[in-house]
Amino acid sequence: MGPRGFSVVICVYTEERWGDILDAVASVRAQSLPAQEILLVVDHNPVLLRRLAAEYGEGPGVRVLPNAGPRGLSAGRNTGIAAARGAVVAFLDDDAVAERDWLRHFDKGYDDPRVMAVGGRTLPSWASGHRPVWFPEEFDWVVGCTYLGLPSGTVRVRNVLGGNASFRREAFDAAGGFATGIGRDGDKRPLGGEETELCIRLSRALPHAVLLIDDRAVIHHKVPDVRERFGYFRTRTYAEGLSKALVARSVGAGRGLESERAYTTRVLPAGVLRGVRDFLLGRPGGAGRAGAVVTGVLAAAAGYAVGSVRVRRDGASFAVPVIEPAAGAREGVR
């Protein structure tokens, strides 16, 4: 089976990441399986929009688009989906770089017609050059990376992680786009969960759909200094609890928290025990890692409790858009 056309969507929002954006685009341009197109979706930043349009206006295969919806990552991704011309839409974070065979490994997963989504493995690239000794690998999702506890190889999963993921175009036709009101929307609080909600909704719309993670599809996600600090760790885990409350409201607590229950009851206790063991053996950071796991669990639980109260009091404030392809977006789909 021949390779499919890939539209790669990179959502951007700030000029502070100018160098990161250029690196992300360069990594897609260097793929061993070339992308059909790269879509840079700019989130309500006219200055950045003009600057990127000037940078890539004459370049091959790069289109610069304004976010056509409300401020936030979900609406930006939906803008990219609507404009995409490829049979598969892939997403790459604006502060990440993809390894050369990233798209090629995604493409192999779609040889099975049941597969509707393929994600990959995201590795942290620490600004300090190394992992903080207190930072537990079980919580690498805090910095947008693959965390300890996920299975290795090519495996079936409930959901892929949004910054390193791909979907067949038909997935959005069946399930709609990313829900606005879940995930990052320009607020200072680092929310998430929009890809989880979409994947659960997709599995309901297409009960026989298969969602995979192939850990050979690797990207390297840049972690700035501020995200290496314990204050960010605590804030992000609390925000994840808030997000999970919205996800549970949308798709039900059964599916919305299915993976999280196994993670909390199996993976995290083992992480605490490893930290305590390392402390007793005199290894650096053992006590800190054990304490961080406990803090992360408590912060997420508190966020979930607060979020659940808010949802019951105020109702859910998210919407699932139907993706209407932009003019010409279906051209080249095969």
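The values are calculated or read from the model by the stated rules, or taken from the named source; none is laboratory data. Small disclaimer: the values here were computed from a predicted structure and weren't measured. A quick note on method: Cβ atoms are made from the backbone with ideal geometry, for glycine too, and the neighbour counts reach across all protein chains shown.
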Looking at segment 108-157, which of the residues that are crowded, with 19+ Cβ neighbours inside 10 Å and polar (S, T, N, Q) is modelled with the highest pLDDT?
122
Take residues that are of a type in the set (A, V, I, L, M, F, W, C) and without any contact (Cβ under 8 Å) to a residue 40 or more places away in the chain and tell me which of the strands (runs of 3 or more DSSP E) falling wholly in segment 44-146 contain 1 or more.
62-66
Of all residues in segment 143-171, which are within 19 Å of residue 235 (Cβ to Cβ) and more than 11 Å from the chain's Cα centre (by Cα)?
147
Restricting segment 165-178 to residues that are buried (at least 22 other Cβ atoms within 10 Å of the Cβ) and in contact with a Leu (Cβ under 7 Å, 6 or more places away or on another chain), which is nearest to residue 198 (Cα to Cα)?
178
Would you confirm whether or not segment 294-311 contains a residue that is over 11 Å from residue 136 (Cα atoms), crowded, with 17+ Cβ neighbours inside 10 Å and of a type in the set (D, E, K, R)?
no
Quick check, is residue 296 at pLDDT 85 or above, more than 20 Å from the chain's Cα centre (by Cα), of a type outside the set (S, T, N, Q) and closer than 20 Å to residue 134 by Cα?
no
Where in segment 190-270 are there helices (runs of 4 or more DSSP H), lying wholly inside it, with at least 3 residues that are modelled with pLDDT of 90 or more?
194-205, 230-251
Taking segment 8-39 only, how many residues are farther than 20 Å from residue 218 by Cβ, crowded, with 18+ Cβ neighbours inside 10 Å and hydroxyl-bearing (Ser, Thr, Tyr)?
1
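Identify the residue in segment 271-284 that is buried (at least 18 other Cβ atoms within 10 Å of the Cβ) and either in contact with a strand residue (DSSP E or B) (Cβ under 8 Å, 6 or more places away or on another chain) or not charged (D, E, K, R) (or both) and, among all such residues, is modelled with the lowest pLDDT. Working first, answer last.
Of the residues in segment 271-284, the ones buried (at least 18 other Cβ atoms within 10 Å of the Cβ) are 271-272, 274-275, 278.
Then keep just the ones that are either in contact with a strand residue (DSSP E or B) (Cβ under 8 Å, 6 or more places away or on another chain) or not charged (D, E, K, R) (or both); that gives 271-272, 275.
Working: 271: 81, 272: 84, 275: 84.
Across segment 271-284, the extreme among qualifying residues is 271.
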